[in-house]
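A.B. asks: So that we are looking at the same thing, I have put the structure below in structure tokens.
The values are calculated or read from the model by the stated rules, or taken from the named source; none is laboratory data. In this text the structure is predicted, and so the values were computed from the model without any measurement. Note that each Cβ is placed from the backbone with ideal geometry, even for glycine, and that neighbours are counted across all protein chains shown.
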Amino acid sequence: MSVVRMLLKQRHNFYRGLLIVEVVALAGLRAMQEVPQLVSVAYLVIAGVAVLMDSPLLPQNRLTPHLGGNVMHQREHHHLGRILKRRKWLVLGWLVAAGLELVWQTALLLAPPLAIQLSVLHIAVWLTLMLYVLWTLMKALAEEPLFNGDLLMGAAAGYLLIGFTGGILLNSLLVLDPAAFHLAPSGHSQLPVGIAHAPQMLGAAFGCLTTLGSAALNPESLTSLSASVAITIVGQLYVAILIAGVLGKPRQLATGRKAAHRRRQVAEASPRLRRNRR
């Protein structure tokens, strides 16, 4: 199997794995309301899919056995180098986010003032990681050669990933500015607000993503308004860019085939012209 085919296979496995985990997390939102600590676990698992399914941590993702018998052009070698570098950044980013999530959750329980101070860093680290995963996913979708089921699964996974990223954003803002939200009664009054209402924030994020809105957001607060507008804009931009890429893909493929056909015709005609000149 060539390196290109191996990378494409890994990419499609990543699409499927990410979508499955996200759908399971959404289906288990009711269970998360009973055990709200599972929300942070779900975020770590979703981000961890990119680390496991698209990194050399799994033996089947290691490209070394496939490099020996393949001769690559300089452009392909450079592209492969960028992929390997991206995988290292994903592993490092996930480890940093997991460590910070553990410290932040512990601070919510034991030292709330420290948790408030860490919330800004919590937002920055998680947004950087999740948006980086989303960006690499969009680039991978743009490089797909055909419009097929794998591309659709990757597109759906990217859209849901925006919703989970919004949930992380709203959950951190809840700790920073509780007045920006209208919180429904929770059966976990003994838990900090940032943990007890994490499932509600996740649901509110998907409400913003689908432009339905959420009653959990205070319309008079600039904090919640800015966050909801940001989630909605990112979601709509993602859909618009994706539709443009999907609609343009058949024309790009047709153009590529025509250009390749012209090059073959020119290559075949060149020897004839040289013989005629002689």
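A.B. asks: When both residues are 6+ apart or on different chains and their Cβ atoms are under 9 Å apart, which pairs have a first residue that lies in the range 127-141 and is over 13 Å from Ile241 (Cα atoms), and a second that is of a type in the set (Gly, Ala, Ser) and surrounded by fewer than 19 Cβ atoms within 10 Å (Cβ to Cβ)?
C.D. replies: Pairs that qualify, where the first residue is over 13 Å from Ile241 (Cα atoms) and the partner is of a type in the set (Gly, Ala, Ser) and surrounded by fewer than 19 Cβ atoms within 10 Å (Cβ to Cβ): there are none.
A.B. asks: So Ala215 ticks every box in (1) at pLDDT 90 or above; (2) of a type in the set (A, V, I, L, M); (3) exposed (fewer than 14 other Cβ atoms within 10 Å of the Cβ) but one. Which box is left unticked?
C.D. replies: (1) is the only condition that Ala215 fails.
A.B. asks: State which residue is farthest from the chain's Cα centre (by Cα) when the search covers only the range 1-41 and only residues that are among the charged types (D, E, K, R) and either within 19 Å of Pro199 (Cα to Cα) or not in a helix (DSSP H, G or I) (or both).
C.D. replies: Checked the range 1-41; the qualifying residue farthest from the chain's Cα centre (by Cα) is Glu34.
A.B. asks: Still on this model: Considering every residue within the range 110-129, establish whether at least one is of a type in the set (S, T, N, Q), at pLDDT below 90 and either more than 22 Å from Gly154 (Cβ to Cβ) or touching a strand residue (DSSP E or B) at 6+ places or on another chain (Cβ under 8 Å) (or both).
C.D. replies: no
A.B. asks: Test of understanding: among Leu129, Leu118, Leu108, which residue is under 21 Å from Leu237 (Cβ atoms) and out of contact with any Ser or Thr (no Cβ under 6 Å at 6 or more places or on another chain)?
C.D. replies: Checking each option against the conditions leaves just Leu129.
A.B. asks: Does any residue of the range 79-87 turn out to be under 14 Å from the mean Cα position of the chain (by Cα) and at pLDDT below 90?
C.D. replies: yes
A.B. asks: Something else: Within the group Ala204, Ala196, which residue is in contact with a His (Cβ under 6 Å, 6 or more places away or on another chain) and within 16 Å of Gln33 (Cβ to Cβ)?
C.D. replies: Within the list Ala204, Ala196, the selection yields Ala196.
A.B. asks: Could you say whether any residue in the range 184-196 is small (Gly, Ala, Ser), part of a helix (DSSP H, G or I), closer than 27 Å to Lys85 by Cβ and within 24 Å of the chain's Cα centre (by Cα)?
C.D. replies: Checking the range 184-196: not a single residue is small (Gly, Ala, Ser), part of a helix (DSSP H, G or I), closer than 27 Å to Lys85 by Cβ and within 24 Å of the chain's Cα centre (by Cα).
A.B. asks: Find all pairs meeting these conditions: Cβ atoms under 8 angstrom apart; at least six residues apart or on different chains; first residue within the range 26-44 and exposed (fewer than 13 other Cβ atoms within 10 Å of the Cβ); second residue assigned to a helix (DSSP H, G or I).
C.D. replies: Partner pairs satisfying both residue conditions: Ala31/Leu38.
A.B. asks: I've got another one for you. If Pro59 satisfies every condition in (1) at pLDDT below 80; (2) in contact with a helix residue (DSSP H, G or I) (Cβ under 7 Å, 6 or more places away or on another chain) but one, which is the exception?
C.D. replies: With respect to (1) at pLDDT below 80; (2) in contact with a helix residue (DSSP H, G or I) (Cβ under 7 Å, 6 or more places away or on another chain), Pro59 is out only on (2).
A.B. asks: Out of the residues in the range 151-189 meeting the condition of being surrounded by fewer than 20 Cβ atoms within 10 Å (Cβ to Cβ), modelled with pLDDT of 85 or more and not aliphatic (A, V, I, L, M), tell me which one is farthest from Leu225 (Cα to Cα).
C.D. replies: Tyr159
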